[in-house]
Amino acid sequence: MKRPPIDAPASDWLVYGDSLQTTGDPRGELVSLSHAVAEGKASADVRDALVERHAEAVLGPAIAAKRAAYRFGWKYCLLDSVEIRVTRDDDAGELVGAVLKSPAAEELRELVIVGVGNGVNLAKAVYELEVERVPPRLSSIALVDETAAKASMLVSRDFDPGANLVALGPLQGLWKLPLQHLRLEVADAHQVELGTIDAPELRSFTLRDLRFGEGPDVIGALERANMPKLEELELRLVEEFGANIVAEDNPYVPVYSDDEDFEDRYDEAEDGENYNPIDWTQLEGLLRKLRDLPLRRLALTSFDNWESLLETIGRVGLPRTLKELDLSDSSFDEAAAAWVTKHPELVRHLERLVIERVSLDDPARLALLAKVGPQIVHSSDGAPTYRYVVGSE
């Protein structure tokens, strides 16, 4: 029986699965189990056990031989998403190539490449995507430094941190793909090489980092980019703090707490102080570009200098298409709320103003802010959550 289109009704796929089972093809049972998992009627463990027993037949020999490096998301008997976990001992290009050559990946929609540990270079993975034939539906890619994604702060004894544990390499080749969604999670945003962005189908761009700071190339790359269909932009604007001895809390790489005498001197440790707040006028050109795009969600998070950021937004204005402005994980406090209350025209057209995990905790000030217009999504947690701290000892 001919395989139905990927978006055909489930009934067509179940009939197709039955026809496969009559020939002893394990993909037939996989169709049934995947549908049952999606409907909440079966455990994913049962489906995954079937894939493990018949890995080569279902996935193809190349990907089956290294299947411990992958996490699979299924739609019927085909891969819908794949997470590739790359260590320093792996050939990242080989792992990506095995996915692209798998017969189960013909309708692959999402690929997440995760660097695990230290000394990982994902450049070969990006190159493989550039030179190999990719599935036509592949529209979402994420490149993730797992340690950075789990950390809350980047700490350095110098004015620049060391090399990221996971290097992404030049990303210019990604723009040859018909990408709709790109997510990058790194430690130091200054080490990201976006190249010249020519992405006519891009709908969302996300950069989550532990240091954004002054003038990373990503700002210029986005300002010059061709991305006429962009609907979502998320930038984590982590600023620089200074301390003598840093009180490390979930650091990317422990610097001070690894010292043998740190415990004896912990009473001297500091959270850090922002001695030189970032001038966010550096975002002005990008914000002006966004006004001409069909942007629906803008997330500018983890900043400390709210005055500079809000005044820059106020000068430029927001896209009229914007529905959600997210200023979470930041030093958005009572004074910031007062500023927005005095400039209601800036946010009145929004549906949601998201200020979760922020410094604002005054109920009266929050009540005044709620009268401005958009729905306020709020929680208080003494932010900014993410920090880059330079220790000076």
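The values are calculated or read from the model by the stated rules, or taken from the named source; none is laboratory data. Since this is a predicted model, take the numbers as computed values, not measurements. All Cβ positions, even for glycine, are placed from backbone atoms using ideal geometry, and neighbour counts span all protein chains on display. To get the accessible areas, we keep the full protein, side chains included, count just its heavy atoms, and leave off ligands, DNA and RNA. Shrake-Rupley method; radii C 1.70, N 1.55, O 1.52, S 1.80 Å.
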**Request:** Please determine, by comparing only the residues of region 272-303 that are open to solvent by 60 Å² or more (accessible area, probe 1.4 Å) and in contact (Cβ under 8 Å) with a residue 40 or more places away in the chain, which one is farthest from the chain's Cα centre (by Cα).
**Result:** Asp279
**Prompt:** Any chance region 212-227 includes a residue that's charged (D, E, K, R), open to solvent by 30 Å² or more (accessible area, probe 1.4 Å), closer than 18 Å to Ile278 by Cβ and part of a strand (DSSP E or B)?
**Reply:** no
**Complete:** Flagged in region 342-364 as open to solvent by less than 80 Å² (accessible area, probe 1.4 Å), of a type in the set (D, E, K, R) and within 16 Å of Trp306 (Cα to Cα), in numbering order, are Glu356
**Item:** Single residue of region 54-100 satisfying the filter (closer than 24 Å to Ala8 by Cα and of a type in the set (D, E, K, R)) that is most open to solvent (accessible area, probe 1.4 Å)
**Value:** Lys75
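This table checks each residue for (1) surrounded by fewer than 16 Cβ atoms within 10 Å (Cβ to Cβ); (2) of a type outside the set (Ser, Thr, Tyr); (3) closer than 23 Å to Met227 by Cβ; (4) more than 18 Å from the chain's Cα centre (by Cα).
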site	(1), (2), (3), (4)
Val114	no, yes, no, no
Gly119	yes, yes, no, yes
Leu122	no, yes, yes, no
Leu129	no, yes, yes, yes
Val144	no, yes, yes, no
Met153	no, yes, no, no
Arg157	yes, yes, no, yes
**Asked** Can you list the helices (runs of 4 or more DSSP H) found entirely within region 51-164 that contain at least 2 residues being in contact with a strand residue (DSSP E or B) (Cβ under 9 Å, 6 or more places away or on another chain) and at pLDDT 95 or above?
**Response** 92-101, 123-131, 146-150
**Message:** Name the single residue that is surrounded by the most Cβ atoms within 10 Å (Cβ to Cβ) among those in region 176-211 being basic (Lys, Arg) and more than 30 Å from Asn274 (Cα to Cα).
**Reply:** Arg203
**Message:** If I filter region 316-341 down to residues being of a type in the set (D, E, K, R) and within 15 Å of Leu360 (Cβ to Cβ), which single residue comes out as surrounded by the most Cβ atoms within 10 Å (Cβ to Cβ)?
**Reply:** Asp329
**Item:** Among (1) modelled with pLDDT under 95; (2) more than 23 Å from Ala98 (Cβ to Cβ); (3) of a type in the set (A, V, I, L, M), the one test that Val37 misses
**Value:** (1)
**Message:** If I filter region 260-267 for residues that are open to solvent by 70 Å² or more (accessible area, probe 1.4 Å), out of contact with any helix residue (DSSP H, G or I) (no Cβ under 9 Å at 6 or more places or on another chain) and modelled with pLDDT of 95 or more, do I get at least one hit?
**Reply:** no
**Prompt:** Can you name every residue in region 104-135 that is within 23 Å of Gly162 (Cα to Cα), of a type in the set (A, V, I, L, M, F, W, C) and out of contact with any helix residue (DSSP H, G or I) (no Cβ under 7 Å at 6 or more places or on another chain)?
**Reply:** Val120, Ala123
**Tyr252, sole failed condition from (1) touching a helix residue (DSSP H, G or I) at 6+ places or on another chain (Cβ under 7 Å); (2) open to solvent by 60 Å² or more (accessible area, probe 1.4 Å)** = (2)
**Request:** Kindly indicate the residue of region 228-240 that is open to solvent by 10 Å² or more (accessible area, probe 1.4 Å) and out of contact with any Pro (no Cβ under 8 Å at 6 or more places or on another chain) and also modelled with the lowest pLDDT among those meeting that condition.
**Result:** Glu240
**Message:** Among the residues in region 304-315, are any exposed (fewer than 15 other Cβ atoms within 10 Å of the Cβ) and either in contact with an Asp or Glu (Cβ under 9 Å, 6 or more places away or on another chain) or modelled with pLDDT under 95 (or both)?
**Reply:** yes
**Prompt:** Going through region 3-48 one residue at a time, which ones are part of a loop (DSSP other than H, G, I, E, B) and either touching a residue at least 12 places away in the same chain (Cβ under 8 Å) or β-branched (Val, Ile, Thr) (or both)?
**Reply:** Arg3, Pro4, Ile6, Thr23, Asp25
**Filtered residue count, region 179-201, keeping only those that are out of contact with any Asp or Glu (no Cβ under 9 Å at 6 or more places or on another chain) and either among the basic types (Lys, Arg) or free of Cβ contacts under 8 Å to residues at least 40 places away in the same chain (or both)** = 7
**Asked** Taking region 5-49, which residues are crowded, with 18+ Cβ neighbours inside 10 Å and under 19 Å from Ser81 (Cα atoms)?
**Response** Trp13, Arg27, Leu30, Val31, Ser32, Leu33, Ser34, His35, Arg47
